[in-house]
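Engineer: Questions regarding the structure given below will be posed in turn.
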Amino acid sequence: MTENLNDKKIALLLSGGVDSSVVLHELCRQGLHPDCFYIKIGPEEDEEWDCSSEEDLEMATAVASKYGCHLEVVDCHKEYWNEVTRYTMEKVKSGRTPNPDVMCNRLIKFGAFDVKAGYRYDLIATGHYARTEIIDGKKWLVTSPDPVKDQTDFLAQIENWQLRKALFPIGHLMKDEVRMIAEREHLINARRKDSQGICFLGKINYNDYIRRYLGENPGDVIELETGQHIGRHKGLWFHTIGQRHGLGFSGGPWYVVRKDIEHNVLYVSKGYEPLTAYKKDFAISHFHYLTEEVPLREVTFKIRHTPEFHKALLEPLPDGGFMVHADEMIQGVAPGQFCVVYDQEHHRCFGSAEITVP
């Protein structure tokens, strides 16, 4: 069962990309004319940090005009750089692997925007590849039929009140279908490439972004199994557990398998897929339930944005988290990542929690 949109006041987050533009088309096709909003985040210093935000706004303006909808710019720059950037830097400095896009959804798209403008609306529509279903009178987040584009993992930390306001009009479509609609309707951005990487960085290199705030902190790189000195790293925050590209050490290939924050040592293992890069059991803390607290035992989960889901048994822990016992070895389990939990059919998303024990 889906919710009735009649008589609902809808705000659409129009980014300038093809997905949210097709959302506008789909809503207008149904006789719904939302108010459109462009969230301005942008780099901290425009003259130094190249960004595509100007082009994004031009695209959003053109698409809104095509459908005769009002477009308003909402400045969330301060909130983003205070909240999401702070979260990112705190996590990487402590040796963890953050997910800024997850926090952007909770703190900005459904958070700061709601405070500034969204509170006037019943629903906030976005171009996410996700769906919602009303089950027994309650709204649940469910997966998209497109396993590659499904973005429920990026939404698994939003608050329950935010989920109740969320609307995903293209969540039932495959990406190819969205492109076809954009081409058919002659949308200006029909052939525009999807954004890659973290949403706020634009063309900024992630390591340059980290270096700007944390600088460098060189330390030793050690082979875990032998204790052999492999080389030097420029800072543990430039590496994540499971990383196997861009390390630049001879004699490899190498995998990052551990970080010793106290002694500033990066541990690596040799091989394309060394056993030390895999784990079956790990802890997650303070589970965040999306709709309501439900018994969790036999589930499916993912720890990164990939099409694959893994089966597991969850063992409750005193802090409200769980010990995850996966059915198979999982590559690159890193503290700080979000473990997103679904039902056994990986259809309904129950919520997520941060990995605490690698």
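The values are calculated or read from the model by the stated rules, or taken from the named source; none is laboratory data. Computed from a prediction, not measured in an experiment: that's the story for all the values here. Quick reminder, even Gly has a Cβ in these numbers, built from the backbone with ideal geometry, and neighbours come from all protein chains shown. Surface accessibility is based on the protein's heavy atoms, side chains included, excluding ligands, DNA and RNA. Shrake-Rupley method; radii C 1.70, N 1.55, O 1.52, S 1.80 Å.
Engineer: Tell me, which helices (runs of 4 or more DSSP H) wholly within segment 79-123 include 1 or more residues that are in contact with a helix residue (DSSP H, G or I) (Cβ under 7 Å, 6 or more places away or on another chain) and open to solvent by less than 20 Å² (accessible area, probe 1.4 Å)?
Structural biologist: By residue number, 85-93, 100-104.
Engineer: Suppose we filter Gln162, Gln157 for residues that are in a loop (DSSP other than H, G, I, E, B), of a type in the set (S, T, N, Q) and in contact (Cβ under 8 Å) with a residue 24 or more places away in the chain; which single one remains? Reasoning before the result, please.
Structural biologist: Details: Gln162 fails: in a loop (DSSP other than H, G, I, E, B).
None of the other options fit; the residue is Gln157.
Engineer: Identify all residues within segment 292-317 that are assigned to a loop (DSSP other than H, G, I, E, B) and out of contact with any Leu (no Cβ under 8 Å at 6 or more places or on another chain); write none if there are none. Give the derivation first.
Structural biologist: Restricting attention to segment 292-317, the residues satisfying the condition of being assigned to a loop (DSSP other than H, G, I, E, B) are 292-297, 303-309, 317.
The answer is Glu292, Glu293, Val294, Pro295, Ile303, Arg304, His305, Thr306, Pro307, Glu308, Phe309, Leu317.
Engineer: Can you work out which of the residues in segment 212-257 that are assigned to a strand (DSSP E or B) and in contact with an Asp or Glu (Cβ under 7 Å, 6 or more places away or on another chain) is nearest to Tyr272 (Cα to Cα)?
Structural biologist: Pass one, segment 212-257, residues assigned to a strand (DSSP E or B): 219-223, 229-233, 254-257.
After this cut, where a residue has to be in contact with an Asp or Glu (Cβ under 7 Å, 6 or more places away or on another chain) as well, the list is 229-230, 232.
Details: His229: 19, Ile230: 17, Arg232: 21 Å.
Selected residue: Ile230.
Engineer: What tally of residues in segment 18-33 results from selecting those that are under 22 Å from the mean Cα position of the chain (by Cα) and open to solvent by 20 Å² or more (accessible area, probe 1.4 Å)?
Structural biologist: 1
Engineer: Using beta carbons and a limit of 7 Å, which pairs, at least six apart or on different chains, have the first residue in segment 94-105 and closer than 12 Å to His305 by Cβ and the second one open to solvent by 10 Å² or more (accessible area, probe 1.4 Å) and assigned to a helix (DSSP H, G or I)?
Structural biologist: Asp101/Phe154; Val102/Phe154
Engineer: Can I ask one more? For segment 277-291, check the following and say yes or no: at least one residue is assigned to a loop (DSSP other than H, G, I, E, B), over 30 Å from Gly215 (Cα atoms) and either out of contact with any Pro (no Cβ under 7 Å at 6 or more places or on another chain) or not polar (S, T, N, Q) (or both).
Structural biologist: Going through segment 277-291, the residues assigned to a loop (DSSP other than H, G, I, E, B) turn out to be 290-291.
So of that shortlist, the ones also over 30 Å from Gly215 (Cα atoms) come out as 290-291.
Then keep just the ones that are either out of contact with any Pro (no Cβ under 7 Å at 6 or more places or on another chain) or not polar (S, T, N, Q) (or both); that gives 290-291.
Yes; the residues of segment 277-291 include at least one that is assigned to a loop (DSSP other than H, G, I, E, B), over 30 Å from Gly215 (Cα atoms) and either out of contact with any Pro (no Cβ under 7 Å at 6 or more places or on another chain) or not polar (S, T, N, Q) (or both).
Engineer: Are there any pairs with C-beta distances below 7 angstrom linking a residue in segment 287-313 that is over 22 Å from Glu133 (Cα atoms) to a residue that is open to solvent by 50 Å² or more (accessible area, probe 1.4 Å) and assigned to a loop (DSSP other than H, G, I, E, B), with the two at least 6 apart or on different chains, and if so which?
Structural biologist: Leu313/Arg297
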